[in-house]
Structures are given as structure tokens and as C-alpha cells.
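> Got a structure for you, questions after.
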Amino acid sequence: MSIIKMSRSTASLLSELAVLVILAALPLFLGQSGYGMGLLTLLAIYAIALIGLDATVGYLGQVNLGHAGMIAAGAYVAGLIVDNTTIGLFPALFAAGLTGLTLGALLAFPALRLEGPQFALATLSFGSLSVLCLNELESITHGAQGLSINRPPLPGGIPLTASGFYWITLSLLGLVWFASRQLLEGRWGLAIAALRNSPIATDSLGIGAMKHKILAFAFGSALGGFAGGLYAFNLGFLQPQAFGYDLSVTLLLGTVLGGRKSVWGALVGAVLVVLLPNLLSNKPVFLSIAGFGAVLAVVHFAQAIRQNKITFDNVAPLLAMSLLLSIGYFAGNLEEWRKGLFALMLFAVVVSLPDGLVGFIAHQLVHWLRLASPALFIPTPLDQVLPVRQKQGMAMLEATDIRLYFGGVKAVDGVTLSLQHGEVLALIGPNGSGKSSLINVISGLYRPTGGEVSLKGVRISGKGLLAASRQGISRTFQNLQIFADLTAIENVAIAMKDAYRLPWLWVAAGLAKKEDRKAMQDAQSLLVVVGLQDKSNIPARDLTYSDQRFMEIARALAVKPAVLILDEPAAGMSKPDVERLKVIIGAIKERGISIILIEHHLDIVAELADRVIVLDGGKSIAAGSPADVRRDPKVIEAYLGASAAHLVEASA
Amino acid sequence: MTIALQVEDLKAGYARAEVLHGISLKVEEGQLVTLIGANGAGKTTLMRAISGMLRPTAGSVRLANREICAETAPRIVRLGLAHCPEGRRVFAPLTVEDNLLLGAYRRLPSIFGYKKKASQALGKIYELFPRLKERHKQTAGTLSGGEQQMLAIGRALMSEPTVLLLDEPSMGLAPVMVDVVVDTIRKLRQEGITMVLVEQFAQTALSIADYVYVVERGTIALEGKPSEIRENRAVVEAYLGA
Amino acid sequence: MIIAQMSVSGAAMGMAYALIAYGFQLTYAPSRSLNFGQAEAVMISAFVALSLIGTGMPYALAMFLTLMFGAVLGLVVERLGVRLALQQKNEGWILLTIILGLFGSAVAENLWGRDDRPLPTPIPGDPIALGAISITWYEVTIVVGALLLMAIIELFRRRTLLGRAVEAVAADPDVAGLMGIDSQRVVSLAYALSGATAAFAGILIAPITTVGPTMAAGLILKSFSVAVVAGLESGFGVVIAGIVLGALESLSSAYLGSGWREAPGIILLIAVLALRPNGLFGKTTIRKV
């Protein structure tokens, strides 16, 4: 029973407009007092800053403790420009954003190689360094004494009132809101999520995720700088210590509290961060909010008791909320406890609502209102997505005398193979015989100790995964490397070769929708090939194991490969799924794509392979048709151990 | 004969993928049971599910009539089941001797006097693998593959288990080393240690086992004495798809 | 001569950084996590020591109880802030330990007030002259105390089976479980030890910094710096890194101005993270595919 027939995206667009209109109308009702206007403007500024912070914290999934440093840099640049030149408001704001962008890009190169605590520490030290510099460069910044800034008039000398500045800030928030949705919820967001799930797969698919990572961090930092500029003009007075660790932590926690990977989360986070200190001065209001939180925690806990699943994540929020309520009740002056109360609320949210307040509410709304999930895309005809490759004279792939040594271990020891157009070549051999090492060399993951791999006459060995992928080699993985957080169709679309060509400014301006749609339709077409067309909107993590394998094949096809490497595709599959796999491999072969198949089940090999190469101890010990190879005594020995040949004779 | 280990209708897997679809097997005291089957059939997953490295989703595992299915790995070792994992996985930064001592962690005092108490067990392992004695001060990461395998087996034996699981001890070893490992397993069997062995070389597995299970796609496809299995074409099919 | 004097007193403070950094390493090895609220742990422990001494109990007993308190605090942090995130294999522990630190500092401010107070100590305040260089007894206690505690813990790590078990969990937690080692308990133990080192650091530096809500705020970034420069997984590199950083700090504050005191630590941290994320003394690890 659908109460409102509306898609999720329409619903969110309408509610966004509504919120902006309400925010814009507030000054008309609340009066235009200096304090109130300042607070509302600050709210909009924090929302911009938090949208920027969300790029690292939400999308890159890294804890960023240096955002206050970006804001400080933007604020001082804007302030100093206005104080020392006659440049107006907007150019100064632009310069502030540019400062953040530059610093972000500079910091991104070292920082983005780091993960987890190291990233947090790198950003933390950036934050401290900026406060330190602002304090010490007294001749420019006036150090700890502070810098006064006069808010410049509008172009044409029109004086800017408090409410005027609020409306300007709000419109800028609207713009930022729109642009970051386009950027972060579209292809960038997908690419970055893909990178988080599997860096190896993103490289082997040629997605080039590092570029997206740096851009996202720089974009977030630019918004930080931009928010800093606005902050300078809102407050009119800057002091370095205002931008210390405390502000970074407050912003970070605002993002987490509101909800990651969401512009709504940024807005809610900003409201909480700005209003909480004011809220604490009114005890009854605070107590009723805390009480509401406590009731939620009790309900949560009661449900857990009923299901007999009492765990840390439903006990801890209850304790935190009770503590919140009792401090709220007993403490004389709540403002003294500001940090502690904030910490308790955050603790409860982080432990029990990993998606933050907005994530939780959005989930509930979708559930209650039964908002329709997006419709399936209409597939592009397969011939347009994956045209049949025409036969060429020469061999597709040639690997000559490949050797790969790890110290003294010879994983691959002089293997030569060639692959013809549209041929299926099977690699078999016992565990540790060098199959995986060999295809890791061919797909560019490992640089061979010796030998050369060339594709259509072009040398590709030793140039890395990304280069091999661009030349037309694509692969699946024995241990699945799916993008678990993306849906099936997004997994395929994000790998689609040449699909995303428009520059980021176009994307930010919302002019890339057509390209996005085309990529999705192409992806749907490849999902048809593997029989997943009806499951395209299911998150990859929720697909069955076999379907995840099929999705990986579709994703590998999105690279439009000349050579497709399938690494044990049937491992862990049930019999019917193996039958389905055989049909799919046959269909791929018909498109003129050459296939290297690693497989342990010889029945599959027998049915599908044109040729078989048997590896043992890093060397090729036999080659030929499946039937020949199966009778080869050396092969039998390799698989069954010495003197087992009679087994085969008995059964033959 | 008493039953040392009994697995009934065991199901287990990772995230969304069920790998074991209900496996049952039985190991009598003093027996050497081998598991054979193609890669990805679920042999290693079965070992992990028995020893508690992986929590089974359904079924039962009984160690000497005691249900251990819901227990954690450390508890299961304490109850007398040792697991020598696939790929050896010795503690590379620690010395050979420390590796061995940690094998006996559950029955040694943890602060003082543990070396003295372990000396007898340690002596037995060094007797079994003189190479390890020569290298007892070396860090385990510097050993060769074969020596690491000896260390891994020795470490598992240090807990004085009633049942020992050995997962592909011959994987990636030179033929000479494979022989050494197989000889060791024979010796342990003569000493009466109950063992479950996963082995990729079927011929080797058949030659030393008392009883064999053939695992295919997460179920037991076939079981029997080695002589019975030898006669059965299905084994050859499982391996060569004939 | 001034350079020597500055270096020596800087190096003494550097030992305090090294001790806290050592506490980071203790938990990082077995759990790949550390307490981002360690500054608050140092500060609260110092306040506890202050209150205990205030009751009139013997100094040594107060110190011992403070160490115990630090260990318990470490256990609380592990239980509330780290365990869930490690079970879910995510990095929520960074946020949660920051949040716990925030709460801790609010509690301290409200229980003990915002003023800086001296910690009574039996250690004499007068300096000792060593040739032209003079050191205070406070500095001597920091150096000796930090080295002593690190040596005791290091002996425990190397000479007891439990200590070896901690290393085993650091190397391979799954297989450690197969040895009968409860990884969870080992991680708790590491947090308790780390909490005790934080408490001890609080006691050692309090005579110099005085006890107040922000006494350790500046300290902690430098301790992070020392831990990262030495390598979060390497042992005694922290001592060298701590001494060098401490000395550099005094020198830069003497020659560039006191405001630049913090600069070497920050710059060193950024440089090492950018160039050698595993630290100067850490081993580079090969990632398996």
C-alpha cells in the first residue's frame, strides 16, 4: 500500500526545497536582531563546512581532524584580502575557497596514501600547524591579539545588512548543496566507495580511483576554506585559537551525529553544533530532549530483551542516555557540562546508529512512506555495448618465457603461452603450481622477474594493473573483489569503459545526467548477459555468492576487454549455477573475446576449453586439447601423486 | 572403538556464501582420517568450522561426546583439539622455541616457570624434528617452507591434543620435504594420535589413511576405506572429471 | 653550552613523550588501535593522584593506586570505545576514543575545576649542577621513571609466556586463537598496560606542568609524533625519537621563539607519515593479494 506514489529522489528534492524556503523565511518571523542573524548565518556556514568535511569522513571513510585548519586558512585569506585591498566580497570568498582547494590538494598527496589512524594523525598535525603559523606570523595575522574585519559592501557599494548576508550565505549553501550532491552522490561517490571496498579491483578495472580520492579531499577542503571566508565576514573578528583541535573535533562529531554520506546529515549536524550551546541554557527544553533520547534507548533495549539479544550496542546507549538525563537533572550549570553532554549523545549515536540521525530517519521514512525504489534501466542493445570483435591475423596475447621469483621461490619458472582470437585457454594444475602467479603477471598485478607479455603486439608486462586494463585485459578474482556497498548495476556501470568523459565542473553543475543514464543502461545490458537483470538494484553484498561471481564477470566485461581472465569462476558454485556459468562463458566467447580460464573442475574445462596448459612447480608440463591432457601420465601424476596412473587406466 | 570426533550435518560459510551444506563425518580414536577433494570443495572451511576459527551456522561437532559447536577457538583447544592451519602460519617474528611454547599455552603457567614445565614436551618435539632444535633461537620467519611446516605441526602437538587437524601440510613443499612430512604423520599415527588430514595428493592420502572422505561442493560425495575408494571411479571423476 | 643545556632539559621532557608513545605501541601491536583520548587519561590520572595525596595517604601508596586507576581506565576505554569497532572491523574506535576523551575532560573540569594546581611531591625542586649544565630532580625522575617502567613492561613482553602471547596476537590473531590464546583478553591487557603508562606519565610530568584540565593537551600530539616517527610497531625506537624530538623542541623554542616550540614535532610527524608511514625504525610490510 503506497501512500505517496513518489520516487525517493523526487521526495528528497521536494523536502530540500522546503527546508531552504523555511530557512530563508526565518528572518521575517524571528526579527532581524544581530545575535539571531549571526547564529542563523553561522548555521548555514557550518552546514557548508560539514558538507565539505563529509567528503573525507563520509565518502573517503577517513577520520579528518584538520578541517578547522582549512576553515582558518580560508577565513584569514578572505579577511586579509578585504582588509588590505579593495577587492569585494565575492572575489575574497572565491580566494578563500581556492586556498582550501590548494592546501587540500597539497595535503592530499601524502595524506591519502595513509589509512585510519595515520590519516587522522596527518590531518591532526596539519590542523595544529595552521594554528601555530597563524599565531606566530604576527606581522600579518596579528597573532593571538586577533584580526578585525569589516564586512565589505556588495558590488556597487550597496551596504550589506545582517539579514542580507544571511540570505547570501543561504543561497551559497543551496549551490554547494546542489553541487556536492551531483559530485558525491554520482560517479565520484561510486568510484570512491568502490575504492574503499576493493582497491585491487578498481585498479584492475581501470577506474583510476586515486584521482577521485584526491579530488574529493580537495573539494572538501575547498568548501572548508569557503566556509572560513564566510565565517570571517559573519563574525568580523578572527583569532587563531578559535580554529584549534576543539573546532575540528566539534565539526567531525557534527558530521557523525547528523549522518555521514548525506547533505541532510551535514545540515542536521550544523543545527546541533550551533544550537546545542544555546539549548543548554534552557534546562526544561534540554531535559525533554534528553528524555526523548532516553525513551528511544529504552525502546531499543526492550526490543533487544524481547529478542533475547542483549549486546553492547543496545545496552551502551541506554547507559549513556541515563547518564545524560541524570547530569541534566542534577548539574547546577549545564553549560559547564557542555562537552560531556555532547560526548554522551555522540556516544549513543555512534554505537547504535552507525548512519547517524539522518541515516536512521531516512531509513524509517522510506520504510513508512513506502517510497518507490528506482525503476530498472532499459538495457542498451548488447551489440552497441560489446560489439563482436573481428578476427585479427596475429595472436591476441603472447607471453614469452615468464618467470616470477619471490626470493628463492620460483613461483613461475619459464612459461610461454599464446592466445588466439576468441579462444578459451584453460590453465590447470595443483595448488601452488603457479597458476595464480602467472595470471597475476599477465593482468599486470606483478612485475615478472623475467619474460614479456604483449597484447596485440604491444608490450604490457611490468606496467601495472591500470595499464594492462587500458590495453584490454580484464579479470575476475578467485577471492571475490566485489564493491560490496554498491548495487549490482553500479558495480558494472562504474567500470564501464569511456562512459564518464565530462569534466568535473560539468558534473557539479548537474550537466552529466545523460552520461550517467547511458552508463547505467549499458551496465544493465551486461547484466542481462549474466542473467542478473532483475537483481540490478540489489546491493552487491546482498547477492548470493554465485550471483556475486556472475556480477564480477559482467563487471569485467564493462572494460570491453580483448582478453578476459576468469580465476576459478566455478569455485563454491552449486551444480545448476555451474551450468549457468558454462552458458555465460559460451556467450562471451561468441563476442570474439579470448578467455583464460583457471579451473579445477576438469569437466568444465573439458566442455569449454579449446586448449589446456597444465602447470606444475611453476613450469608448463603439458599442453594440448582437453582429451589429450587428461590422458597424459605427467598430468595424472601431478594431480594424484606418483604411481596413480593405474587409477585412470582402470576407470578409462 | 570410541569415537573421538563426530561431525553431524555441519553447515558453515562466509557472509552470504554457504560453503558447507551439511557435512557429517566420524573419527574413531587412534584413526587417521583423510579428506580429499578439489580446490574450493570446502575442506579448509570444514577444518576451520571444527576448530572454532569459523562459527558454524548449523549442525553439531562432538569432541569425545562433548558438544563444541558453539565454542570459541581458544576453548576448543583447551578441550583437546589442535588445528594446524593451511599455509603453516607460524608466528614469523617469534623464535622457533617461542612458537612451540605458545602451542602449549593452555597448559602452562603464563608468567613464571613455564619453560621448566614445558621442557619435557619440548624435548619430545625436538626429538621428532631435530632440525627445529638446531634452530630453536632463530625467528620462525627465516625458516624454509619445510621447516616452517615442521614447526607448525610441532606447535600443534605441544598442546598434547586428543585430536589433531592437519590442513594440507604438503602444500607448496619440495618432494623431499613432502616425504618427510608424510613420514612424520605415519610416526604420529603409530603413537596413536587421532588425526584428520586434508591432503591434495590423493595417492598419498590413500596410502596412509585408515578411512577417507571425498568432499565435493560442500558435501561428502563418498566415503570408505582406502581400498574401497581406490576401486571407485567417482574419485577419479572428482579429480579428473573422467 | 646553552645548546647543551637546552638539549638536556628538552630530552628529559622527550622521555615523557616516549613513555606515552610506548603506551600507544602497546595497544597498536595486538589490536591495530590506540586511544585518541590518551591526553585525557594522563590528565585524569594526575588529578586522581592529586586527590589521593590530598587524603594524606603515603606518597608511594598514592602512586601505586594511581597506576591501578590508569590500568582500569584503560580497560574501560577498551570496553566502551574499542571492542565493538574491532569486532566489526571498522575504524569507529578513532571516533569513540575521542568521544570518551571529551567526556573525561568534562568530568575532570567539573570534579576538580579548571585551575592548574601543583602536585605535592617528595622530590626536591632544587637543581643539580653537572659541570655547566644543571638538571632538576624532576627531570631526573622523568628519565629514570620512564625508562624503568618501559624496561619492566618490556621484560614482561619478552620473558613471560603471556608477553609472548601478546606478540602472537599481534602477528596473527586467528592462529593465536588456535593456541588457546584469547585475543580479546590480550587486547584488554594491552589497554590496561597502556592506561598504566599514561597514569605514570601524568605523575612524572605533573611537578613540571602542574595539574590542570589542559596539562596534557599539547603533550599528546608530540607523543603521537614520537610513536609514528619510531614506528607504531617497533619497541625502543620511541626512546631515541623522544629524546631527539624533546631536544629539537627546546632548541627551536630558544632560537625561533617560544611559539615555535611545537613546530618540530608537527613537521616531523607530517614528514615521516609522508615518506615512511611505517616509521624510521619500523619494518616495511609486504601486502599480500
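The values are calculated or read from the model by the stated rules, or taken from the named source; none is laboratory data. Since the structure is predicted, the reported quantities are computational estimates derived from the model, not experimental observations. Here the Cβ positions follow ideal geometry from the backbone for every residue, glycine too, while neighbour counts run over all protein chains shown.
> I'm told A:Gly100 meets every condition in (1) crowded, with 17+ Cβ neighbours inside 10 Å; (2) within 25 Å of C:Trp260 (Cα to Cα); (3) within 14 Å of another protein chain (Cβ to nearest Cβ) except one. Can you identify the failing condition by its number?
Condition not satisfied by A:Gly100: (3).
> Can you pull out every residue in the range B:118-144 that is more than 21 Å from B:Ala82 (Cα to Cα) and of a type outside the set (A, V, I, L, M, F, W, C)?
B:Pro130, B:Arg131, B:Lys133, B:Glu134, B:Arg135, B:His136, B:Lys137, B:Gln138, B:Thr139, B:Gly141, B:Thr142, B:Ser144
> Could you please tell me which pairs satisfy a Cβ distance under 7 Å, a separation of 6+ or placement on different chains, a first residue in the range C:250-266 that is within 7 Å of another protein chain (Cβ to nearest Cβ), and a second residue that is surrounded by fewer than 17 Cβ atoms within 10 Å (Cβ to Cβ)?
These pairs meet every condition: C:Glu262/C:Gly218.
> May I ask you to list the residues in the range A:323-352 that are free of Cβ contacts under 8 Å to residues at least 40 places away in the same chain, within 26 Å of A:Gly265 (Cβ to Cβ) and more than 12 Å from chain C (Cβ to nearest Cβ)?
Scanning the range A:323-352 gives a single hit, A:Leu325.
> Another question, then. Please specify each residue of the range A:109-159 satisfying the condition of being polar (S, T, N, Q) and not in a loop (DSSP other than H, G, I, E, B).
Correct list: A:Gln118, A:Thr123, A:Ser125, A:Ser128, A:Ser130, A:Asn135, A:Ser139, A:Thr141, A:Gln145, A:Ser148.
> Within the range C:179-201, does at least one residue satisfy the condition of being surrounded by 23 or more Cβ atoms within 10 Å (Cβ to Cβ), β-branched (Val, Ile, Thr) and within 15 Å of the chain's Cα centre (by Cα)?
There is at least one residue in the range C:179-201 that is surrounded by 23 or more Cβ atoms within 10 Å (Cβ to Cβ), β-branched (Val, Ile, Thr) and within 15 Å of the chain's Cα centre (by Cα).
> Checking C:Ile181 against (1) farther than 28 Å from C:Ala108 by Cα; (2) touching a Ser or Thr at 6+ places or on another chain (Cβ under 9 Å); (3) assigned to a loop (DSSP other than H, G, I, E, B), which single condition isn't satisfied?
(2)
> Another question about this same structure. Within the range A:263-320, take every residue that is free of Cβ contacts under 8 Å to residues at least 12 places away in the same chain and among the hydroxyl-bearing types (Ser, Thr, Tyr) and give me the one that is nearest to the other protein chains (Cβ to nearest Cβ).
Ranking the candidates gives A:Thr311 first.
> Taking the conditions exactly as written (within 11 Å of another protein chain (Cβ to nearest Cβ) and surrounded by fewer than 24 Cβ atoms within 10 Å (Cβ to Cβ)), does A:Gly127 satisfy them or not? Show your work before the answer.
Values: within 11 Å of another protein chain (Cβ to nearest Cβ): yes; surrounded by fewer than 24 Cβ atoms within 10 Å (Cβ to Cβ): no.
Against the criterion (within 11 Å of another protein chain (Cβ to nearest Cβ) and surrounded by fewer than 24 Cβ atoms within 10 Å (Cβ to Cβ)), A:Gly127 does not qualify.
> For the list (1) away from chain A (no Cβ under 14 Å); (2) loosely packed, with under 15 Cβ neighbours inside 10 Å; (3) not small (Gly, Ala, Ser), I need the number of the one condition that C:Thr141 fails.
(2)
> Does B:Gly52 count as away from chain A (no Cβ under 14 Å) and either out of contact with any strand residue (DSSP E or B) (no Cβ under 9 Å at 6 or more places or on another chain) or touching a residue at least 12 places away in the same chain (Cβ under 8 Å) (or both)?
yes
> Can I ask one more? Among the numbered conditions (1) within 14 Å of chain C (Cβ to nearest Cβ); (2) farther than 29 Å from C:Tyr28 by Cβ, tell me where A:Gly116 comes up short.
Single failed check for A:Gly116: (2).
> Please give the number of the condition A:Ser15 fails out of (1) without any contact (Cβ under 8 Å) to a residue 60 or more places away in the chain; (2) touching a Leu at 6+ places or on another chain (Cβ under 6 Å); (3) among the small types (Gly, Ala, Ser).
Of (1) without any contact (Cβ under 8 Å) to a residue 60 or more places away in the chain; (2) touching a Leu at 6+ places or on another chain (Cβ under 6 Å); (3) among the small types (Gly, Ala, Ser), only one is false for A:Ser15: (2).
> Also, I was wondering about something else. Looking only at helices (runs of 4 or more DSSP H) that fall completely inside the range C:22-104, which ones have 1 or more residues that are closer than 24 Å to C:Pro213 by Cα and modelled with pLDDT under 95?
Where helices (runs of 4 or more DSSP H) fall fully within the range C:22-104 and carry at least 1 residues being closer than 24 Å to C:Pro213 by Cα and modelled with pLDDT under 95, they are C:38-54, C:59-77.
> Quick check on my filter: what residues within the range A:583-608 are among the charged types (D, E, K, R), assigned to a helix (DSSP H, G or I) and touching a strand residue (DSSP E or B) at 6+ places or on another chain (Cβ under 8 Å)?
Step one: of the range A:583-608, the residues among the charged types (D, E, K, R) are A:589-591, A:599, A:603, A:607.
From what is left, the residues that are assigned to a helix (DSSP H, G or I) are A:589-590, A:603, A:607.
Within the range A:583-608, A:Lys589 is the sole residue that qualifies.
> Of all residues in the range A:485-540 being under 18 Å from the mean Cα position of the chain (by Cα), of a type in the set (D, E, K, R) and part of a helix (DSSP H, G or I), which is modelled with the highest pLDDT?
Among those residues, the one meeting the criterion is A:Glu490.
> Another question about this same structure. Do you know which residues across the range B:30-49 are more than 12 Å from chain A (Cβ to nearest Cβ) and aliphatic (A, V, I, L, M)?
Listed by number, the residues that qualify are B:Leu32, B:Val33, B:Leu35, B:Leu46, B:Met47, B:Ala49.
> Now for a separate question. Tell me, yes or no, whether the range C:152-166 has at least one residue that is over 21 Å from B:Leu101 (Cα atoms), buried (at least 20 other Cβ atoms within 10 Å of the Cβ) and within 17 Å of the chain's Cα centre (by Cα).
no
> Hey, does the range A:313-322 have a residue that's at pLDDT below 85 and outside any helix (DSSP H, G or I)?
For the range A:313-322, residues at pLDDT below 85 and outside any helix (DSSP H, G or I): absent.
> Here is a further query. State which residue pairs qualify: first residue more than 12 Å from A:Arg403 (Cα to Cα) and inside the range A:428-441, second residue among the polar types (S, T, N, Q) and at pLDDT below 85 in any location, beta carbons under 8 Å apart, and separation of 6 or more residues or different chains.
Between residues of the range A:428-441 that are more than 12 Å from A:Arg403 (Cα to Cα) and residues that are among the polar types (S, T, N, Q) and at pLDDT below 85, the close pairs are A:Pro430/B:Gln200; A:Asn431/B:Asn39; A:Asn431/B:Gln200; A:Ser436/A:Gln478.
> Continuing with this model, one more query. Could you identify the single residue in C:Val244, C:Val187, C:Val238 that is assigned to a helix (DSSP H, G or I), in contact (Cβ under 8 Å) with a residue 40 or more places away in the chain and within 14 Å of chain B (Cβ to nearest Cβ)? Break it down into steps so the answer makes sense when it comes.
Details: C:Val244 fails: within 14 Å of chain B (Cβ to nearest Cβ); C:Val238 fails: within 14 Å of chain B (Cβ to nearest Cβ).
Unique residue meeting the criteria: C:Val187.
> Then there's this: Given the condition farther than 25 Å from A:Glu599 by Cβ, in contact (Cβ under 8 Å) with a residue 40 or more places away in the chain, crowded, with 22+ Cβ neighbours inside 10 Å and touching a Leu at 6+ places or on another chain (Cβ under 8 Å), answer yes or no: does some residue in the range B:36-48 qualify?
no
> A follow-up question, please. Can you find a residue that is more than 12 Å from chain C (Cβ to nearest Cβ), in contact (Cβ under 8 Å) with a residue 24 or more places away in the chain and either of a type in the set (Val, Ile, Thr) or buried (at least 20 other Cβ atoms within 10 Å of the Cβ) (or both) anywhere in the range A:243-250?
Step one: list which residues in the range A:243-250 are more than 12 Å from chain C (Cβ to nearest Cβ), which gives A:243, A:247.
If we keep only those that are in contact (Cβ under 8 Å) with a residue 24 or more places away in the chain too, we end up with A:243, A:247.
Now restrict to residues that are either of a type in the set (Val, Ile, Thr) or buried (at least 20 other Cβ atoms within 10 Å of the Cβ) (or both): A:243, A:247.
Looking through the range A:243-250, at least one residue is more than 12 Å from chain C (Cβ to nearest Cβ), in contact (Cβ under 8 Å) with a residue 24 or more places away in the chain and either of a type in the set (Val, Ile, Thr) or buried (at least 20 other Cβ atoms within 10 Å of the Cβ) (or both).
> Find the residue count for the range B:84-116, including only residues that are in a helix (DSSP H, G or I), more than 22 Å from B:Val180 (Cα to Cα) and either at the interface with chain C (Cβ under 10 Å from one of its Cβ atoms) or of a type in the set (S, T, N, Q) (or both).
Matching residues across the range B:84-116 total 8.
> A further question on this structure: Name the residues in the range C:214-226 that are at the interface with chain A (Cβ under 10 Å from one of its Cβ atoms), crowded, with 18+ Cβ neighbours inside 10 Å and out of contact with any Gly (no Cβ under 8 Å at 6 or more places or on another chain), would you?
Of everything in the range C:214-226, those that are at the interface with chain A (Cβ under 10 Å from one of its Cβ atoms), crowded, with 18+ Cβ neighbours inside 10 Å and out of contact with any Gly (no Cβ under 8 Å at 6 or more places or on another chain) turn out to be C:Ile220, C:Phe224.
> In the range A:242-280, which residues are of a type in the set (Ser, Thr, Tyr) and over 29 Å from A:Ser148 (Cα atoms)? Even if it seems obvious, please write down each step before you answer.
As a first pass, look at the range A:242-280 and keep what is of a type in the set (Ser, Thr, Tyr): A:245, A:248, A:250, A:255, A:262.
The answer is A:Thr255, A:Ser262.
> Out of the residues in the range A:557-580 that are within 14 Å of chain B (Cβ to nearest Cβ) and closer than 29 Å to A:Ile460 by Cα, state the one that is surrounded by the most Cβ atoms within 10 Å (Cβ to Cβ).
Filtering first and then ranking leaves A:Leu566.
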